[in-house]
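The values are calculated or read from the model by the stated rules, or taken from the named source; none is laboratory data. Fair warning: this is a prediction, and the values are worked out from it, not measured in the lab. Cβ placement follows ideal geometry from the backbone for every residue including glycine, while neighbour counts extend to all protein chains displayed.
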Amino acid sequence: MQLTGAQALIKSLEQEGVDTIFGLPGGAILPVYDPLIDSTIRHILVRHEQGAGHMAEGYALATGRPGVAMVTSGPGATNIVTPIGNAHMDSTPLVVITGQVATGSIGTDAFQECDITGITMGITKHNFLVQSAQEIPRAVAAAFHLATTGRPGPVLIDVPKDVTQSMMDWWYPTTIEELDLPGYRPEIPLDDDAVARAADLIARSERPVLYVGGGTLKSHAAKELLAFAERTKMPVVTTLMARGAFPDSHVQHLGMPGMHGMYTAVTAIQRCDLLISLGARFDDRVTGKISAFAPDAKVVHVDIDKAEFNKVRRADVSIRANVASVLRALDDRGAVPRNLDAWWTDIDSWRERFPLVYDEPTSDGPLRPQHVIEAIAASAAPGTIVSAGVGQHQMWASQFWKFEEPGTWVNSGGAGTMGFGVPAAIGAKVGRPDRTVWCIDGDGCFQMTAQELVTARSEGIPIKVAILNNAYLGMVRQWQEMFYEERYSEVYLNADLPDYVKWAEAMGCVGLRARNLKEMHEVIEQANRINDVPVVIDFRTDSSEKVFPMVAAGASNDDIMVHPLQRGAVR
Amino acid sequence: MSATPEPFLGTVSHTPVRHHILSVLVENKAGVLARIAGLFARRGFNIYSLAVAPAEGNARFSRVTIVVDAESAPLEQIVGQLDKLVNVVQITDLAPKDALERELLIATVAVDDANRAALLDTVASAGASIVDVDSNSVTVMLAGTPGACDHIEKTLESFAQVELHRTGRVALPRLGRTASA
């Protein structure tokens, strides 16, 4: 069967089971948009290419399937660089297709030409510049294989215009060998010896902690984690990237560790004698000052990526494998720690003395952002998916929302990309239309990508957006207050400009506003009743509110600052 | 890692004390060298020298011999990150004591009647050869250990140098020793 390269590209995506592409056409990708009309694949037309990338990420994080975005060459391609970098930091499976100028024009500074494979070399797992139409199926199949196996990540396919316009004989790879990836070996046999040594460390430990990272979600190991944790009775912490991997309602869950982690989670790590890292990477936001991190702990490091071993913290046992397979192997060995009663007594006393707290809300406002999140959560349907931008609101969302299952927390961790929340929520809702999707956003973040609500309205994607509007770039303001003598430099945004309600309405959404407690409850109730169009709520929150607990950048986790209400409490 | 510094002749050394030789088999595809160089740059790993050529009898692969500075980053990190490049097929790590290293040096020096004999002595004692001459200059070549190249480079400093090039080293495991892959 003879096809054009463009037809082959669409047919290849169909072969990979793609149901949705987030994209925006332009000159160099134009040929591919023609056969798209005849395809069963849904295309979501975004208003900015960055939106396409974050939507594809939101789709991937909510479904566990790779997100797909397609854009044109030049500025179309550079506009999606931020989402690619974001997906790279968070190991999110993404396949990004970019148009490229014709092969004969490459290198001539042609109109809308840019070297996108060069630009994204350091922020993709791999990328391809396809040289002929005949090679398109192999490139697509290889891209999906690379994006979804081993440590997942973004893969970019750059397709010159003449390649999509020329003819090819249809074929599709059916074996891994045909992908022609001689250097790619994502999985190796499980090292039984290392598992045995890990089991031995577990058997000798008295104060273990399971340090659960995003790799646990990526390897779909939530079930194995629950079984392992309940059998061994070990306390569990879930990093920002792993929220939802272990139920927040579970008595063994101490919450999130790190810079804005729970006091108990942070302190348990500091005092533990065995730290079992499951798909986590000892990020600086978790470790604080590395030389003071978990000083008495032996470390078992489980990761699919061997380059993570000994990168930050030297491991006593490192096991290169999928988290689920290691947990099953440890279960098979029946490794159990010693009696943990004394350890749990310590942990429970920290939990009792240092729960998450915030100041009492006042009835006439301004609202407490933490209270707004709790109020939304209280009336949200079970299984609601929450996305966030980056900053204070993100930390509060992670702290105060209770996550019970994988795929319900969609956020930008490693890169910290402001503006992630709205488009990611849209992508999540497209992937999981059965779920309610709330975006907990900040006013600064919202202004970066809000135009995608036009996409949401026109494509019939009814997400709900809660703007915690404190009129500031809140996290920067918090640092300036605490570490720069309250010298506020370029952080004021103005709560009334833009008018978020009018803006929402102009984009075809329902716009609501809440200034006090009564309005807060009313608008949440109203938003819950609207399921056909996107809803945006402008919650007016207290500008001076800060995120606690907090470990200052570069400080030891032992120097965790608790909420002012708890400052007198005995540690 | 306990890399034993390689003994070398002379006082010139371009090699960090704790260097390692990575012999890297890569797919012969466009941009592979850029991927390797970019990885080293963004991770802050230092490359001391790099040599690339088609791999033994196979147009599909090339061999890249990289001398890395094991002071700039732990070797385990360098190898681990390098191995993640999809186009990298195999990495053989050679500690200097286990490696047979060779490098090519060519240099053109200005000579006159007063120092021509001294140059010929230098060439003879270093085991180098003369590959080109004209009325007032001589081109010298040495294929030898990096230490021997260092040595002749130092010796040639006493002559007026027109140009000096070194290729960067290639290496194979010494026979009877094992390299770690």
Across the stretch B:148-169, which residue is modelled with the highest pLDDT among those that are surrounded by fewer than 20 Cβ atoms within 10 Å (Cβ to Cβ) and aliphatic (A, V, I, L, M)? B:Leu164
Among residues of the stretch A:119-135, those that are surrounded by fewer than 22 Cβ atoms within 10 Å (Cβ to Cβ), facing chain B (nearest Cβ under 10 Å) and more than 16 Å from B:Gly38 (Cα to Cα), counted: 1
Can you find a residue in the stretch A:247-265 that is free of Cβ contacts under 8 Å to residues at least 40 places away in the same chain and touching a His at 6+ places or on another chain (Cβ under 6 Å)? no
Which residues, taken from the stretch A:547-561, are part of a loop (DSSP other than H, G, I, E, B) and buried (at least 18 other Cβ atoms within 10 Å of the Cβ)? A:Val547, A:Phe548, A:Pro549, A:Val551, A:Ile560
Say whether the condition of being touching a Gly at 6+ places or on another chain (Cβ under 6 Å) and assigned to a loop (DSSP other than H, G, I, E, B) is met by at least one residue in the stretch A:375-390. yes
Among helices (runs of 4 or more DSSP H) entirely inside the stretch A:46-123, those with 1 or more residues being of a type in the set (D, E, K, R), within 12 Å of the chain's Cα centre (by Cα) and not assigned by TED's automatic domain parsing to the domain that holds A:Pro462 are A:49-63
Select from the stretch A:395-427 the residues that are touching a residue at least 40 places away in the same chain (Cβ under 8 Å) and in contact with a Cys (Cβ under 6 Å, 6 or more places away or on another chain) and list them in ascending order. A:Gly419, A:Gly421, A:Val422, A:Ala425
Of the residues that sit in the stretch B:114-162 and are over 18 Å from the mean Cα position of the chain (by Cα) and acidic (Asp, Glu), which one is nearest to B:Leu104 (Cα to Cα)? B:Asp132
Identify, by number, the condition in (1) touching a Gly at 6+ places or on another chain (Cβ under 9 Å); (2) at positive phi that A:Glu49 doesn't meet. (2)
Which pairs have Cβ atoms under 8 Å, sit 6 or more apart or on different chains, and link a residue in the stretch B:63-86 that is over 16 Å from B:Glu27 (Cα atoms) and within 9 Å of chain A (Cβ to nearest Cβ) to one that is hydrophobic (A, V, I, L, M, F, W, C) and part of a strand (DSSP E or B)? B:Val79/B:Leu22; B:Val79/B:Ile91
Any idea which of A:Ala143, A:Ala147 is within 14 Å of chain B (Cβ to nearest Cβ), buried (at least 21 other Cβ atoms within 10 Å of the Cβ) and more than 19 Å from the chain's Cα centre (by Cα)? A:Ala143
Do the conditions hold for B:Ala107, that is, is it crowded, with 16+ Cβ neighbours inside 10 Å, modelled with pLDDT of 90 or more and farther than 30 Å from B:Gln90 by Cβ? yes
On the given criteria, is B:Arg63 of a type in the set (Lys, Arg) and in contact with a strand residue (DSSP E or B) (Cβ under 6 Å, 6 or more places away or on another chain)? yes
Which of (1) surrounded by fewer than 24 Cβ atoms within 10 Å (Cβ to Cβ); (2) part of a loop (DSSP other than H, G, I, E, B); (3) not basic (Lys, Arg) does A:Glu224 not meet, given it meets every other one? (2)
Considering each of A:Leu36, A:Leu30 in turn, give the residue that is hydrophobic (A, V, I, L, M, F, W, C), farther than 26 Å from A:Trp438 by Cα, over 22 Å from the mean Cα position of the chain (by Cα) and surrounded by fewer than 17 Cβ atoms within 10 Å (Cβ to Cβ). A:Leu30
Restricting attention to the stretch A:154-164, does a residue exist that is within 12 Å of chain B (Cβ to nearest Cβ) and either in a loop (DSSP other than H, G, I, E, B) or within 17 Å of A:Gly5 (Cα to Cα) (or both)? yes
For the stretch A:293-305, the count of residues that are surrounded by fewer than 22 Cβ atoms within 10 Å (Cβ to Cβ) and either within 24 Å of B:Arg43 (Cα to Cα) or in contact with a Cys (Cβ under 8 Å, 6 or more places away or on another chain) (or both) equals 3
Considering only residues that are within 21 Å of the chain's Cα centre (by Cα), facing another protein chain (nearest Cβ under 7 Å) and touching a residue at least 40 places away in the same chain (Cβ under 8 Å), which ones fall in the stretch B:24-42? B:Arg35
So for the stretch A:181-198 (the condition being free of Cβ contacts under 8 Å to residues at least 12 places away in the same chain and either under 20 Å from the mean Cα position of the chain (by Cα) or more than 14 Å from chain B (Cβ to nearest Cβ) (or both)), does at least one residue qualify? yes
Among the residues of the stretch A:456-503, the number that are in a helix (DSSP H, G or I) and among the small types (Gly, Ala, Ser) is 3
Could you say which residue among A:Lys502, A:Lys518 is among the basic types (Lys, Arg) and touching a residue at least 40 places away in the same chain (Cβ under 8 Å)? A:Lys518
Restricting the stretch A:279-296 to residues that are touching an Asp or Glu at 6+ places or on another chain (Cβ under 9 Å) and in a helix (DSSP H, G or I), the one nearest to the other protein chains (Cβ to nearest Cβ) turns out to be A:Ile290
For the stretch B:90-100: of the residues being within 30 Å of A:Ala139 (Cα to Cα) and surrounded by fewer than 21 Cβ atoms within 10 Å (Cβ to Cβ), which is nearest to the other protein chains (Cβ to nearest Cβ)? B:Gln90
So which residues in the stretch A:297-318 are away from chain B (no Cβ under 14 Å) and either modelled with pLDDT under 95 or part of a loop (DSSP other than H, G, I, E, B) (or both), if there are any at all? A:Ala297, A:Asp316
If you take the residues in the stretch A:233-251 that are small (Gly, Ala, Ser) and part of a loop (DSSP other than H, G, I, E, B), which one is surrounded by the most Cβ atoms within 10 Å (Cβ to Cβ)? A:Ala245
